[in-house]
Amino acid sequence: MAPEIQLQLAEEVGVLTATITRIDKKNALTNAMYGALADAIARANEDDAIRVLLIQADGDLFTAGNDVSEFAAQAMGNAPEERHVLRFLRALATATVPIVAAVQGKAVGVGTTMLLHCDYVLLADDAQLITPFVNLALVPEAASSYLMPLRIGHTRAFEMFALGDPVPADAAVAWGIANRTVPVAELRAEARRIAEKIAARPAGSLTAMKRLMRDVEKLVGQMDSESAIFVERLASAEAKEAFMAFAQKRAPDFTKLSRR
Ligand code: COA
């Protein structure tokens, strides 16, 4: 039986809403879920009736990021036939449809870096942006190694990436990663209101504006560079220690591992 894809799609008033629904695993994203997200972006680009894509998540947090057990499987040489994450990231970089994100609780790893490709980011006041790539002995992806320093400066980007400490919602807004915060109880309704407002604007103009605002070639090139290094890092002794520590629910110990 095919694995259940924990992404729900609903189309209403020109807005395609993609809701992440893997609550028991803190909305961690699997290869199949990346595939479904990539398909949702493609559908929103192609279908004239869809004027905005809204990405949101059920439960108390947006997403715990990439499924760490899938990282671990890849580290052991068991990569899926197609890594849909690459299709998802490319779809984010090249999307012509405006994308709105509604984020409550923690947004970990790709949960944060995908926001750099969204056109309007609404945070619940309990939101926390966390990028623990280095804690997992990996490197940032989704062109965030380029976009994050560009958006918030090298100093803050280095701290976010190297330490992986949570950035609270109000700081994320002050730094320009997100538009504004709302109380958690108002997140869904407000995100919907914004998405419908954007959907009422001339779609051709929005797409043209979006294209002018983003250097798509640069973003895709950066993703390719990151991806090559990411795959190398996945196979490193440091990453294996990080994934084993996650599975064993303990802190990793990198101190005995060489940087080479
Ligand atoms: N991949 C796979 N499973 C994950 C996961 C992930 N990224 N994040 C959480 N889960 C699973 C846990 O293993 C646990 O499964 P179990 O009930 O079978 O043991 C379940 O989801 C609940 O997680 P738990 O850690 O108990 O929840 P929490 O509320 O205490 O903490 C997080 C939530 C998100 C802070 C924490 O789970 C976490 O740090 N996850 C890893 C995040 C990460 O490193 N992502 C990769 C980024 S590149």
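Quick notes on this structure:
- Intensity falloff of the range 83-132 expressed as log10 I(q)/I(0), Debye formula with alpha-carbon point scatterers, at q = 0.19, 0.21, 0.33 Å⁻¹: -0.64, -0.76, -1.22
- Working from label points 7 Å from Cα in the Cα-to-Cβ sense, the ALA162 to VAL220 distance is 3.4 nm.
- Alpha-carbon Rg with Dmax, taken over the range 195-255, Å: 20.5, 55
- Against the main long axis of the alpha-carbon atoms of the chain, helix 216-234 sits at an angle near 30°.
- Stokes-Einstein D in µm²/s, Kirkwood radius over Cα pairs - the chain at 20 °C with 1.002 mPa s viscosity: 115
- Here r is the Cβ-Cβ distance between THR207 and ASP24 and R0 is 41 Å; the resulting FRET efficiency, rounded to 0.05, is 0.65.
- The range 1-91, Rg to Rh (Cα coordinates; Rh as Kirkwood inverse mean 1/r): 1.00
- Positive minus negative residues near PRO168 (Lys, Arg vs Asp, Glu; Cβ under 12 Å): -3
- Principal-axis analysis of the Cα atoms of the chain puts helix 84-94 at an angle of about 40° to the longest axis.
- Going by neighbour counts of Cβ atoms within 10 Å, the residues ASP60, ASP67, ASP253 line up, fewest first, as ASP253, ASP60, ASP67.
- Lys pairs under 18 Å by Cα in the range 119-257, provided they are eight or more residues apart or on distinct chains: 4
- The alpha carbons of the range 20-64 stretch over 35, 20, 11 Å along the principal axes, in descending order.
- GNM result for the chain, Cα springs below 10 Å: residue of ASP170, ASP215, ASP224 fluctuating most strongly: ASP215
- Within straight-line reach of LYS25, meaning a Cα separation under 12 Å, sit the following aspartates and glutamates at least 8 residues removed in sequence or on another chain: ASP58, ASP60, ASP67.
- For the range 131-235: Kirkwood Rh in Å [reciprocal of mean 1/r, alpha carbons]: 16.1
- Listed by Cβ neighbour count within 10 Å, with the fewest neighbours leading, GLU159, GLU226, GLU81 appear as GLU81, GLU159, GLU226.
- When the alpha carbon coordinates of the range 56-197 are projected onto the principal axes, the ranges are 45, 32, 28 Å, largest first.
- Length gained when the stretch GLU4-ALA189 is fully extended (0.36 nm per residue, less Cα-Cα span): 63.9 nm
- 0 to 90° range, to nearest 10: angle between helix 31-46 axis and the chain longest Cα axis: 30
We did not get these values from a lab; they are worked out from the coordinates using the rules stated. Given the structure is predicted, the values throughout are model-derived calculations rather than measurements. For neighbour counting, all protein chains shown are included, and Cβ atoms are generated from backbone atoms with ideal geometry for every residue, glycine included.
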